[in-house]
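**Student:** Here it is, the structure in full.
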Amino acid sequence: MSLSKPKSKSNNLYGAATIGEKGQIVIPKQAREKMNLKKGDHLLVFGLHDGMLAVAKPGHIEAIAAHLSKILKKNPLSKKKTHD
């Protein structure tokens, strides 16, 4: 399945993160600043595919759902069962 890039110019690679002893990761400073993330903010973590995670503020779920819906309409998943 090929995914189209969103038309927004805000897609950026902010760097890499390492998983610490307690399973925590540090979001790179530039990403925290761009997304206005502060200590104590709540984030949702989604598993998108094997080996991929997405992190979003709870208030952005509708925008994420709309974006994913457009992608799936253009590139429907096969009808095979993908999980139990």
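**Student:** Need pairs with beta-carbon distance below 9 Å; first residue under 12 Å from Asn12 (Cβ atoms) and without any contact (Cβ under 8 Å) to a residue 24 or more places away in the chain and within the stretch 23-42, second among the small types (Gly, Ala, Ser) and loosely packed, with under 12 Cβ neighbours inside 10 Å; sequence gap 6+ or separate chains.
**Tutor:** Here the result reads Pro28/Gly15; Pro28/Ala16; Gln30/Gly15; Ala31/Gly15, each pair linking the stretch 23-42 to a residue that is among the small types (Gly, Ala, Ser) and loosely packed, with under 12 Cβ neighbours inside 10 Å.
**Student:** Which of the numbered conditions does Gly15 fail, given that it passes all the others? Conditions: (1) out of contact with any Pro (no Cβ under 6 Å at 6 or more places or on another chain); (2) modelled with pLDDT of 80 or more.
**Tutor:** Result: Gly15 fails condition (1) only.
**Student:** Now, a different point. Working carefully through the options His42, His49, find the one that is within 15 Å of the chain's Cα centre (by Cα) and modelled with pLDDT under 85.
**Tutor:** Working: His42 fails: modelled with pLDDT under 85.
Unique residue meeting the criteria: His49.
**Student:** Which members of the stretch 28-48 meet the condition of being surrounded by 10 or more Cβ atoms within 10 Å (Cβ to Cβ) and either part of a loop (DSSP other than H, G, I, E, B) or at positive phi (or both)?
**Tutor:** Once the filter is applied, which keeps residues that are surrounded by 10 or more Cβ atoms within 10 Å (Cβ to Cβ) and either part of a loop (DSSP other than H, G, I, E, B) or at positive phi (or both), the stretch 28-48 yields Pro28, Met35, Leu37, Asp41, Leu43.
The values are calculated or read from the model by the stated rules, or taken from the named source; none is laboratory data. In this text, all values refer to a predicted model and were calculated from it rather than measured experimentally. Note that we place each Cβ from the backbone using ideal geometry, even for glycine, and neighbour counts take in every protein chain shown.
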